[in-house]
Amino acid sequence: MREIVFDTETTGFEPGEGHRIVEIGCVELMDHFPTGRTLQFYLNPERDIPIESQRVHGLTAEFLADKALFAHVVDELLEFFGNAPLVIHNASFDIKFINAELSRIGRQPIALARAIDTIEIAKRKIPGARYSLDELCKRFGVDLSARTKHGALLDAQLTAEIYLELIGGRQRGLMLAPAEIAAAQNVDAVRPARQRPKKLAVLITACELEAHQAFIARELGDKPLWNAQ
């Protein structure tokens, strides 16, 4: 099963007020294991970036001025998505922004039903907890040392860790990955059973053997169970 963990950084909170995406980050999971494949874009929002948003993600209009427009990367992004479910922390926020960008260039929107929201999973698993990404990382012991500011790719990677904790926890690390299982099965299929080069020496004495046979005859008679046909 293929899933894509997805996050965005934006110029503000509402695309209806003209706010745009400035960064997209994606992480691929296969059977709930990170594959190592990621995708990241910085985007030129074609507008100013409020200072409040700059404080969150650290991206300035000057830095983004020479970056690609969303229309230039959309095909690569949608190809990376494929038909996979999208794992998102606070899915309604990111879906409304990606759909606003898609609508702006005449593309079909992404259904919210396609998203797996880690906040909703957390609410079911740990009711009453705080559900921000930072708080969930602290709860599950996920390293936040690299997160001095928000970043779409970094947050997607953290969301992937939180998602895997929420659906199964670290015991998944004790399971063999599919490639390891296949390798083990292949080795067992081709490797013959090892044979002992010499039989072990008999360590029981004649007296001990005679005493054992007498015990069997006394307790079980002349037809012990292991001799039954």
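What whole-number distance in Å separates the alpha-carbon centres of region 125-166 and region 41-73? After rounding, the separation between the Cα centres reads 24 Å. Carbon-plus-sulfur accessible fraction, region 6-147 (probe radius 1.4 Å, protein heavy atoms only): 50%.
With contacts taken as Cα pairs under 8 Å at a separation of at least 6 residues, region 27-127 carries a relative contact order of 21 percent. Judged by the mean number of other Cβ atoms found within 10 Å, the most tightly packed of the peptides 86-94, 58-66 leads the ranking 86-94, 58-66. For region 77-133, the calculated P(r), taken from all Cα-Cα distances in 10 Å bins from zero up to the bin holding the longest distance, is 22, 47, 22, 8, 0 percent.
Convex hull volume of the C-alpha atoms in region 1-89, normalised per residue: 110 Å³. For region 29-160, the Kirkwood radius over C-alpha pairs fed into Stokes-Einstein at 10 °C and 1.306 mPa s yields D = 96 µm² per second.
The values are calculated or read from the model by the stated rules, or taken from the named source; none is laboratory data. Model, not experiment: these values are computed from the prediction. In this analysis, Cβ positions are derived from the backbone assuming ideal geometry, glycine residues included, and neighbour counts consider all displayed protein chains. When the accessible area is computed, the model is the full protein with side chains, heavy atoms only, and any ligands, DNA or RNA have been set aside. Shrake-Rupley method; radii C 1.70, N 1.55, O 1.52, S 1.80 Å.
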